[in-house]
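Remarks on the structure that follows.
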Amino acid sequence: MGDSATITTPAAKPVANSITTADIRTAFSLGVRDFKSAPAYGLFFGVFYAGAGWLIIALLLLLDINYYVWPMATGFAMVAPFVAAGLYDVSRRLERDEPLSWNAVLTSVRTGGGHSLGWMVLVTTFAYIIWLDIAIALYVIFYGLEPLSFSNLVVAIFTTPKGMAFFLLGNLLGAVLGTAVFSISAISFPLLFDRDVDFVTAMITSVKLVTGSPKPMLMWCLIITALLGVSLVTVFVGLLVVLPILGHSTWHLYRRGVRFDDAA
């Protein structure tokens, strides 16, 4: 008899569960717990993320590109799930009662997810660039090529009909794009970080979770929006706490929202 064929075990595939608002509350509660359990790690990534935001805004103001400040600040959240990769590892280690160390966590940030996570970062970064292009196009439509100072732009937005229309339309388009990005990335990053799946499968699983449990995921989206709103009002200072809480919570949402079945 000839050599027998090699038999391989099919990899487990991710399947979106049906979740409830109770799952959202539990995931958020566990996220707060993880932050309290390992605050140094959360604050480290929070400072890194907020610091990047401060640097970007400072450069825009220094270069007098004032019309980019608001879209940069509001769209900055699109890359937050990648920055939170280290927080996923912290939550996973706490979940497994494994020891925490800076070397282990930072190594996981560098190596976790492989190429698939890199592709996911590329997708969200591309969406961020699209948002910036939309913002600049709207500015040109409403105000032409003459740049307004930051203070004059703020005054125009809140005291003139044209400024208010510019602000509302911009935020409406941003909300549409943000919803699309939220749908494909709600649990994609922790899934890619935790399992060897391709980024397309991760995005599809995320979309299925959002569309399969619309009310709970809308609740989660509103929580994210509210906390990021606080961060904007505080000029990113709130991110020192908001980023780690949302990062840890996203891990626990992923754990409740996704199961793994053997491929047929």
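The values are calculated or read from the model by the stated rules, or taken from the named source; none is laboratory data. As the structure is a computational prediction, the values presented were derived from the model and not from experiment. For neighbour counting, all protein chains shown are included, and Cβ atoms are generated from backbone atoms with ideal geometry for every residue, glycine included.
What number of residues within region 107-122 are in contact with a helix residue (DSSP H, G or I) (Cβ under 7 Å, 6 or more places away or on another chain) and either surrounded by fewer than 19 Cβ atoms within 10 Å (Cβ to Cβ) or modelled with pLDDT under 85 (or both)?
Going residue by residue through region 107-122, those that are in contact with a helix residue (DSSP H, G or I) (Cβ under 7 Å, 6 or more places away or on another chain) are 108-109, 112-113, 116-117, 119-121.
Add one more test, that the residue is either surrounded by fewer than 19 Cβ atoms within 10 Å (Cβ to Cβ) or modelled with pLDDT under 85 (or both), and what stays is 108-109, 112-113, 116-117, 119, 121.
Result for region 107-122: 8.
Does region 86-106 include one or more residues that are among the aromatic types (Phe, Trp, Tyr), at pLDDT below 85 and either over 19 Å from the mean Cα position of the chain (by Cα) or in a helix (DSSP H, G or I) (or both)?
Initially, region 86-106 is screened for residues among the aromatic types (Phe, Trp, Tyr), giving 88, 102.
Okay, now just the ones that are also at pLDDT below 85, so none.
Checked region 86-106: no residue is among the aromatic types (Phe, Trp, Tyr), at pLDDT below 85 and either over 19 Å from the mean Cα position of the chain (by Cα) or in a helix (DSSP H, G or I) (or both).
Looking at Leu177, Leu173, Leu191, can you tell me which residue is more than 30 Å from Leu153 (Cβ to Cβ), out of contact with any Lys or Arg (no Cβ under 6 Å at 6 or more places or on another chain) and surrounded by 14 or more Cβ atoms within 10 Å (Cβ to Cβ)?
Working: Leu177 fails: more than 30 Å from Leu153 (Cβ to Cβ); Leu173 fails: more than 30 Å from Leu153 (Cβ to Cβ).
The conditions single out Leu191.
Does region 179-200 hold any residues that are in contact (Cβ under 8 Å) with a residue 60 or more places away in the chain and farther than 21 Å from Val109 by Cβ, and which are they? Let's see the steps before the verdict.
So the first thing to find is which residues in region 179-200 are in contact (Cβ under 8 Å) with a residue 60 or more places away in the chain, and the list is 181, 184-199.
The answer is Val181, Ile184.
If you scan region 141-150, which residues turn out to be modelled with pLDDT of 80 or more and closer than 25 Å to Val79 by Cβ?
The first filter runs over region 141-150 and keeps only residues modelled with pLDDT of 80 or more, leaving 141-144.
The answer is none; no residue qualifies.
Suppose we filter region 113-143 for residues that are assigned to a helix (DSSP H, G or I) and farther than 30 Å from Val155 by Cα; how many remain? Can you show your working first?
Of region 113-143, the ones assigned to a helix (DSSP H, G or I) are 114-143.
Keeping just the survivors that are farther than 30 Å from Val155 by Cα gives 114-126.
Here the count works out to 13.
Every residue, every condition in (1) surrounded by 19 or more Cβ atoms within 10 Å (Cβ to Cβ); (2) free of Cβ contacts under 8 Å to residues at least 12 places away in the same chain; (3) not hydrophobic (A, V, I, L, M, F, W, C), yes or no:
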{"site": "Ala202", "(1), (2), (3)": "yes, no, no"}
{"site": "Lys208", "(1), (2), (3)": "no, no, yes"}
{"site": "Trp220", "(1), (2), (3)": "yes, no, no"}
{"site": "Thr250", "(1), (2), (3)": "yes, no, yes"}
